[in-house]
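Here the structure comes first, spelled out in structure tokens, and everything after it is commentary.
The values are calculated or read from the model by the stated rules, or taken from the named source; none is laboratory data. Since this is a predicted model, take the numbers as computed values, not measurements. Counting neighbours? That spans all protein chains shown, and the Cβs are built from the backbone with ideal geometry, glycine included. Note: areas computed on protein heavy atoms with side chains; ligands, DNA, RNA excluded. Shrake-Rupley method; radii C 1.70, N 1.55, O 1.52, S 1.80 Å.
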Amino acid sequence: MHTILLTGGAGFIGSHLTRLFVRKYPQYKIINLDKLTSAGNMEHLRDIEKEPNYVFVKGDITDLALLRRLFEEHKFTA
């Protein structure tokens, strides 16, 4: 199974991409990493938050320790 890391997936454009991937590729695991600043809004993702192939992680892409943990845990393929 492919595991895809999307960053900024709670923003206006990112949420559309996240939703597209979750629905179009149910066989893929989609990990959404977003800091949830003023641009991010979890309401954009309410309709997919319980999908079995979707995981939300609140975090900053500049947090190297977090990124290392995520890469180790999820073994991203894309």
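Hey, does region 22-43 have a residue that's part of a helix (DSSP H, G or I), of a type outside the set (D, E, K, R) and modelled with pLDDT under 95? Yes, region 22-43 contains a residue that is part of a helix (DSSP H, G or I), of a type outside the set (D, E, K, R) and modelled with pLDDT under 95. Of the residues making up region 50-62, one or more are touching a Phe, Trp or Tyr at 6+ places or on another chain (Cβ under 7 Å) and either modelled with pLDDT of 95 or more or among the polar types (S, T, N, Q) (or both).
Looking across region 54-66, the residues that are within 10 Å of the chain's Cα centre (by Cα) and either without any contact (Cβ under 8 Å) to a residue 40 or more places away in the chain or open to solvent by 80 Å² or more (accessible area, probe 1.4 Å) (or both) come down to Tyr54, Val55, Val57, Lys58.
Checked against (1) among the hydrophobic types (A, V, I, L, M, F, W, C); (2) assigned to a loop (DSSP other than H, G, I, E, B); (3) free of Cβ contacts under 8 Å to residues at least 24 places away in the same chain, Leu17 meets all criteria but (2).
Checking each residue in region 4-41 for being open to solvent by 70 Å² or more (accessible area, probe 1.4 Å) and of a type in the set (S, T, N, Q) picks out Thr7, Gln27, Thr37, Ser38.
Only residues that are part of a helix (DSSP H, G or I) and basic (Lys, Arg) were counted across region 44-78, and they come to 2.
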